[in-house]
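What follows is a single structure, written as structure tokens, with notes after it.
The values are calculated or read from the model by the stated rules, or taken from the named source; none is laboratory data. The structure displayed is predicted, hence computed values, not measured ones. Every residue, glycine among them, receives a Cβ derived from its backbone with ideal geometry; neighbour counts consider all protein chains shown. Note: accessible area is taken over every heavy atom of the protein model, side chains too, but ligands, DNA and RNA are not part of it. Shrake-Rupley method; radii C 1.70, N 1.55, O 1.52, S 1.80 Å.
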Amino acid sequence: MTRASASPRDISLLVAGLVAGLAALVLAMPAAQAAPSRLVADLSDSHVDITSSYHGTDLILFGAYEGVAGDDLILIVEGPASDIAQRRKEKKAGIWVNVETLIWQQAPSFYHMFATDDLAVIADEAALRAADVGPLASGLMLMTGEAGGGNGHGGGGLTAAGATQAGSTAQESGLSRNMVNNGLWQLQPEQISTQQDMLFRAKLSLPSNVPTGDYLVRVLHFRGGVAISEKTTDMNIKKAGLSALIYRFAHDYSVFYGLFAIAFAVASGWLAAVAFRRG
Amino acid sequence: MYIYLPIAEVSMHIGIIIGLGGGVGFLSGLFGVGGGFLMTPLLIFFGIPPAVAVSTEANQIVASSVSGVLAHMRRGNVDFKMGGILMAGGVIGSSLGVALFSFLREIGQIDLVIQLSYVVFLGIIGALMLTESVRTILRSRKPGAVRGKLHQHNWLHGLPLKMRFRRSKLYISAIMPLLLGAFVGILAAIMGVGGGFIMVPAMIYLLGMPTSVVVGTSLFQIIFVTANVTLLQSIQTQTVDFVLAGLLLFGAVIGAQFGSRAGALLRGEQLRGLLALMVLAVCIKIGYDLVVRPEDLLSVELLR
């Protein structure tokens, strides 16, 4: 019955217990040096509900790995893919105006990285790219829009954005900078704490503007600059409770939602007038 | 205590929302204006997406106009015939405005157009109000000043479709109020305002309506224009957040009561002068943001 009245302390005990259990499991296995190292990863909660009182939340990412001294881990939390419009301002007739829109196709809407060391220390750029580390590593598609416009319907040519394409670097770094500033990307890896090259643990802080959808949590085990093992686990973030209800009402029955919003406003306006006339 | 706004998709402190409503409500009670021209820029400043700010503010203005018009109706200060024609124009205009809004949003220029509309119209109205109130204050100090003619005949009186507006004591063409309603309707839909700050002076100086009926009649037609914006934005863009609107309204209703009591302590031309300064301050702030180099020339938006 302890679970029914779980306090944060109980949960942390539970998490610690799970980690210990996993560690015991790993320890009980015969060490196989040649085979890819075994890797287990989990989350303190794989379903996050965004309710009316949601204002960001913390999750614990934890697991166990078969490491030796000097091994490194990289942990990546990746949100659902989304098209991202990138706009560039220029001064026209004395005011700053959006003059160009580019669409990054199917870019990660959320990308937070964790690591045991600086990425440059863990592996070289080629190895990181090969292991698909970094939101731009897989080569996003960049669609050019017309001046100031571009909602993706026609008029734009398709070009693949990669390090090779001239001029794409400024756009890539702009995308990274903007996404980091709005809290959706975290490219300076946060710390992973490890114990005896066996257990790892990291704290993921979800911001209040977190996109909803299916998330992927990837754990990569690096040895000598090479990824020797990878493990993925799923996570889901969705609106729940009243906020989900209102959102669905607004999107699925938009006419009724509009009429309801008007009726609500008329009723409360009338009520306010009556209340303060008496008072 | 934070509340997650389901349509805006951001979480905001409930005290900030009610405080915003209360502050703007106080000023709108003090000056007898709707306050949309203050609330919409403030909501955007606090991180509400511009589209959500404009649509939600329309929803809130429905409520504050209903609340305001009731007192004017009791005193018989609403010209329903004139209001009906302004409303017909307003519904057409705001429908066009919502369509224009969607189009501008799609091509990524909605922020610019909102900002430019604010600078241009707040600048014009603010400057006019300021000179008028300063002139009145100066004139009141000079005894024996001559009053201007109340009513002048001009080319507007030559237009066809003349109608008699008994409550406004006018016999003018219906085309003028229809066009005026349509024009203010477009602005209301794009700027997230009721448009009273343009409608009221236009009714007095353009149509020549008596000042006793302009506020009530303006509020009456604003109800329908903002209701139309609320409905159309709900259908087309799903950007009306009635949780946000409700909380703002709660603060605004209380703030307006204190504001109207404070307003009784000041004279009309002093109030108009202060309002003009406030309108110009908003205009200058938004204009400054347009001309100063932004911190980052690039910006991103997640498309769903």
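Scanning the range B:26-57 for residues that are of a type outside the set (Val, Ile, Thr) and facing chain A (nearest Cβ under 10 Å) returns B:Gly47, B:Ser55. Residues of the range A:90-109 that are open to solvent by less than 20 Å² (accessible area, probe 1.4 Å) and more than 10 Å from chain B (Cβ to nearest Cβ): A:Pro108 alone.
When you check A:Arg129 against the structure, is it within 9 Å of another protein chain (Cβ to nearest Cβ) and surrounded by fewer than 22 Cβ atoms within 10 Å (Cβ to Cβ), yes or no? Before you say what the answer is, go through the steps one by one.
Numbers: within 9 Å of another protein chain (Cβ to nearest Cβ): no; surrounded by fewer than 22 Cβ atoms within 10 Å (Cβ to Cβ): yes.
So A:Arg129 does not fit the description; no.
Filtered by the rule that a residue be closer than 9 Å to A:Ile95 by Cα, assigned to a loop (DSSP other than H, G, I, E, B) and not β-branched (Val, Ile, Thr), the range B:287-304 gives a lone residue, B:Arg293.
Taking the range A:34-43, which residues are modelled with pLDDT of 90 or more and open to solvent by 50 Å² or more (accessible area, probe 1.4 Å)? Listed by number, the list holds a single entry, A:Asp42.
With respect to A:Phe264, determine if the residue is open to solvent by 40 Å² or more (accessible area, probe 1.4 Å) and within 27 Å of B:Thr237 (Cβ to Cβ).
On the way: open to solvent by 40 Å² or more (accessible area, probe 1.4 Å): yes; within 27 Å of B:Thr237 (Cβ to Cβ): yes.
Here the answer is yes, as A:Phe264 does meet what is asked.
Consider B:Ala276 carefully, then state whether it is surrounded by 19 or more Cβ atoms within 10 Å (Cβ to Cβ), under 20 Å from the mean Cα position of the chain (by Cα), among the small types (Gly, Ala, Ser) and within 23 Å of B:Ser55 (Cβ to Cβ). Against the criterion (surrounded by 19 or more Cβ atoms within 10 Å (Cβ to Cβ), under 20 Å from the mean Cα position of the chain (by Cα), among the small types (Gly, Ala, Ser) and within 23 Å of B:Ser55 (Cβ to Cβ)), B:Ala276 does not qualify. Please go through the range B:230-275 and pick out each residue that is within 11 Å of chain A (Cβ to nearest Cβ), polar (S, T, N, Q) and either under 20 Å from B:Gly68 (Cβ atoms) or assigned to a helix (DSSP H, G or I) (or both). Selection gives B:Thr230, B:Gln233, B:Ser234, B:Gln236, B:Gln257, B:Ser260.
Step by step: first the residues of the range A:196-221, then only those that are in a strand (DSSP E or B) and under 12 Å from A:Gly79 (Cβ atoms), then the one that is most open to solvent (accessible area, probe 1.4 Å). Which residue is that?
Step one: list which residues in the range A:196-221 are in a strand (DSSP E or B), which gives A:199-206, A:213-221.
Within this subset, residues satisfying the condition of being under 12 Å from A:Gly79 (Cβ atoms) are A:204, A:206, A:213-217.
Details: A:Leu204: 0, A:Leu206: 7, A:Gly213: 20, A:Asp214: 109, A:Tyr215: 6, A:Leu216: 64, A:Val217: 4 Å².
Going through the qualifying residues, I end up with A:Asp214.
Screening B:Gly89, B:Gly83, B:Gly126 for residues that are in a helix (DSSP H, G or I) and closer than 16 Å to B:Met191 by Cβ leaves exactly one candidate, B:Gly126.
Residues that are under 30 Å from B:Pro294 (Cα atoms) and either out of contact with any Pro (no Cβ under 8 Å at 6 or more places or on another chain) or surrounded by 24 or more Cβ atoms within 10 Å (Cβ to Cβ) (or both): does the range B:80-89 have at least one?
Of the residues in the range B:80-89, the ones under 30 Å from B:Pro294 (Cα atoms) are none.
Checked the range B:80-89: no residue is under 30 Å from B:Pro294 (Cα atoms) and either out of contact with any Pro (no Cβ under 8 Å at 6 or more places or on another chain) or surrounded by 24 or more Cβ atoms within 10 Å (Cβ to Cβ) (or both).
Are any of the residues in the range A:251-262 farther than 30 Å from B:Leu70 by Cβ, part of a helix (DSSP H, G or I), more than 8 Å from chain B (Cβ to nearest Cβ) and within 24 Å of the chain's Cα centre (by Cα)? Within the range A:251-262, not a single residue is farther than 30 Å from B:Leu70 by Cβ, part of a helix (DSSP H, G or I), more than 8 Å from chain B (Cβ to nearest Cβ) and within 24 Å of the chain's Cα centre (by Cα). The residues of the range A:167-190 that are open to solvent by 50 Å² or more (accessible area, probe 1.4 Å), within 11 Å of chain B (Cβ to nearest Cβ) and polar (S, T, N, Q), listed by number, are A:Ser173, A:Asn181, A:Asn182. Scanning the range A:237-245 finds one or more residues that are basic (Lys, Arg) and open to solvent by less than 70 Å² (accessible area, probe 1.4 Å). With respect to the conditions (1) polar (S, T, N, Q); (2) within 20 Å of B:Val52 (Cβ to Cβ); (3) loosely packed, with under 14 Cβ neighbours inside 10 Å, A:Ser193 lacks only one, and its number is (2). Listed by first and then second residue, the pairs with beta-carbon distance under 9 Å, at least 6 apart or on different chains, first residue in the range B:100-112 and polar (S, T, N, Q), second in a loop (DSSP other than H, G, I, E, B), are B:Ser102/B:Thr237; B:Gln109/A:Gly148; B:Gln109/A:Gly149.
Please find, among B:Ile61, B:Ile107, the residue that is closer than 21 Å to B:Ile186 by Cβ, out of contact with any helix residue (DSSP H, G or I) (no Cβ under 9 Å at 6 or more places or on another chain) and within 10 Å of another protein chain (Cβ to nearest Cβ). Break it down into steps so the answer makes sense when it comes.
Values: B:Ile61 fails: out of contact with any helix residue (DSSP H, G or I) (no Cβ under 9 Å at 6 or more places or on another chain).
Result of the check over B:Ile61, B:Ile107: B:Ile107.
Any residue at all in the range A:6-27 that is open to solvent by less than 30 Å² (accessible area, probe 1.4 Å), modelled with pLDDT of 90 or more and not β-branched (Val, Ile, Thr)? No, that holds for no residue. Return the residue satisfying two criteria in turn: it lies in the range B:1-58 and is open to solvent by 30 Å² or more (accessible area, probe 1.4 Å) and aromatic (Phe, Trp, Tyr), and of such residues it is nearest to the chain's Cα centre (by Cα). The extreme case among them is B:Phe31. Taking (1) at pLDDT 80 or above; (2) open to solvent by less than 20 Å² (accessible area, probe 1.4 Å) in turn, A:Gly224 satisfies each apart from (2).
Test B:Phe224 against the criterion of being aromatic (Phe, Trp, Tyr), within 11 Å of chain A (Cβ to nearest Cβ) and buried (at least 18 other Cβ atoms within 10 Å of the Cβ), and give yes or no. Break it down stepwise before answering.
Details: aromatic (Phe, Trp, Tyr): yes; within 11 Å of chain A (Cβ to nearest Cβ): yes; buried (at least 18 other Cβ atoms within 10 Å of the Cβ): yes.
Considered against the rule, which asks whether it is aromatic (Phe, Trp, Tyr), within 11 Å of chain A (Cβ to nearest Cβ) and buried (at least 18 other Cβ atoms within 10 Å of the Cβ), B:Phe224 comes out as yes.
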